[in-house]
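Right, one structure below, let's go through it.
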Amino acid sequence: MPPMRLLVNEKRKAKGFTVEALAEKAGLSKSYVSEVQTGKKQANARVLEQLAKALDCTVIDLIDAEHTNP
């Protein structure tokens, strides 16, 4: 199954956060957030929840359903 496409980068920019600011707010490392948003790493459910909380959205809001295969 291909990796899930996430909208972390788009949501982060819409909030006006840098990668560093999002990482700090989510309690994650800057490098990990960068790798998640570029698709180099897959985020588990816990990480998705941390990112969603930091971005004030839901986990579902972070998933690009249009470009993610079932």
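The values are calculated or read from the model by the stated rules, or taken from the named source; none is laboratory data. Everything quoted here is computed from the prediction, not taken from an experiment. All Cβ positions, even for glycine, are placed from backbone atoms using ideal geometry, and neighbour counts span all protein chains on display. Accessible surface areas use protein heavy atoms only, side chains included; no ligands, DNA or RNA. Shrake-Rupley method; radii C 1.70, N 1.55, O 1.52, S 1.80 Å.
Brief remarks on what is shown
- Condition check for A23: touching a Leu at 6+ places or on another chain (Cβ under 9 Å) and without any contact (Cβ under 8 Å) to a residue 40 or more places away in the chain: no
- The set of residues from the range 1-43 being small (G, A, S) and touching a helix residue (DSSP H, G or I) at 6+ places or on another chain (Cβ under 8 Å) comprises A23, A26, G27, S29, S34, A43.
- Residues of the range 32-48 satisfying the condition of being among the small types (G, A, S) and closer than 17 Å to A21 by Cα: S34
- When V36 is tested against (1) at pLDDT 95 or above; (2) of a type outside the set (S, T, N, Q); (3) open to solvent by less than 60 Å² (accessible area, probe 1.4 Å), exactly one condition is not met: (1).
- Which numbered condition S34 fails, given (1) within 10 Å of the chain's Cα centre (by Cα); (2) not in a helix (DSSP H, G or I): (2)
- Pick from the range 1-31, criterion among the hydrophobic types (A, V, I, L, M, F, W, C) and assigned to a helix (DSSP H, G or I), ranking: surrounded by the fewest Cβ atoms within 10 Å (Cβ to Cβ): A14
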